[in-house]
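First comes the structure, then the notes that go with it.
The values are calculated or read from the model by the stated rules, or taken from the named source; none is laboratory data. Please read all numbers here as calculations on a predicted model, not as lab measurements. Glycine gets a Cβ as well: all are built from the backbone with ideal geometry, and neighbour counts include every protein chain shown.
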Amino acid sequence: MKKRVTKAIFPVAGKGTRFLPATKSIPKEIMTLVDRPLIQYAIDEARAAGIKDFIFVTSRGKSALEDYFDHSPELENTLRKAGKDDLLATLKTTNMDSGAIAYIRQHKAMGLGHAVWCARRLIGNEPFAVILPDDVIAAEKPCLQQMVEAHAETGGCMVAAMEVPPEKASSYGVLDVRQDNGETVSVQGMVEKPPVDEAPSNLAVIGRYILTPDIMRNLSRIKTGSGGEIQLTDAIAAEIEADRDVFGYRFRGQRFDCGSKSGFLQATVAFGLGREDLRDEFDDYLRELMSMRQAAQ
Ligand code: UTP
């Protein structure tokens, strides 16, 4: 029987230089999309997928992230006394069960693959998910839940894949497809940031993975690759070379790259418009803004 995926790694040890100066003192993952930090979206998605163990790979300067998931008795008391039950309920979504959350330090930012490898002792011999909180996905059924369900059928390693126009493929890891089964594709190769005319497909890998423990063994052997970093892509490619199954999963939903300024702004607009309590006023404002811009041209 295939093992259920109950552990997820959240690599959050990156420096977030694209958001300097904000990230000088605030972890990128605490930056707020409407009224919740990025990390909360990732946690909610993991919970919906049945994840029970949450493993954060952190680095220096990320203590705000650890505090975020702690109880805040004083604030809770104040809200209770003021009868603000709705706010208390909102606050509760940030609390984690005792022992459900673990923090591992990545002492040096040596890349995503290295960050994942830092959690190897907590993973043991089970399949596990990796969620990059920078990638926020708006979806009716949360993306990782879709993947866990598909993975229960396929086993192996699975990466979330999204179709991108050819000129954009060079910004991503791109799948070389062996067989296209629609929702899933079986993969015969992965190329990190290929030159524009050399991309093997239009399927780009984004920040959701379900991986086998073999990936940890591969990461132990990998030397630093492009940019002096240990790439997760290389460890997945090694699975293909060893003739083990790797699948791409075409998720249903819209992905926002909140690791970039433009992606973050787009997500803010989309999630703002998606909120019932904000939609009308925000929509009016955007329309007014657009017509003023058009009139000025
Ligand atoms: P990014 O490539 O977005 O890097 O990492 P970054 O440092 O976060 O941001 P920029 O490019 O400087 O603005 C993708 C994911 O991998 C994690 C990051 O925290 C992010 O979730 N990561 C990256 C690590 O945990 N460790 C690393 O050494 C590198």
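Some points to look at:
- Search result, residues across region 222-243 that are exposed (fewer than 15 other Cβ atoms within 10 Å of the Cβ), touching a residue at least 12 places away in the same chain (Cβ under 8 Å) and either of a type in the set (D, E, K, R) or assigned to a helix (DSSP H, G or I) (or both): Ser226, Gly227, Gly228
- Where strands (runs of 3 or more DSSP E) fall wholly inside region 105-178, the ranges with 1 or more residues that are within 12 Å of the ligand (Cβ to nearest atom) and at pLDDT 95 or above are 128-131, 135-138.
- Filter pass, Gly99 being surrounded by fewer than 16 Cβ atoms within 10 Å (Cβ to Cβ), more than 9 Å from the ligand (Cβ to nearest atom) and more than 30 Å from Lys141 (Cβ to Cβ): no
- The set of residues in region 82-139 being of a type in the set (A, V, I, L, M) and closer than 16 Å to His71 by Cα consists of Leu87, Leu88, Ala89, Leu91, Met96, Ala100, Ile101, Ala102.
- Which listed residue, of Gly207, Gly272, Gly259, Gly253, is crowded, with 17+ Cβ neighbours inside 10 Å, away from the ligand (no atom under 16 Å from the Cβ), in contact (Cβ under 8 Å) with a residue 60 or more places away in the chain and among the small types (Gly, Ala, Ser): Gly272
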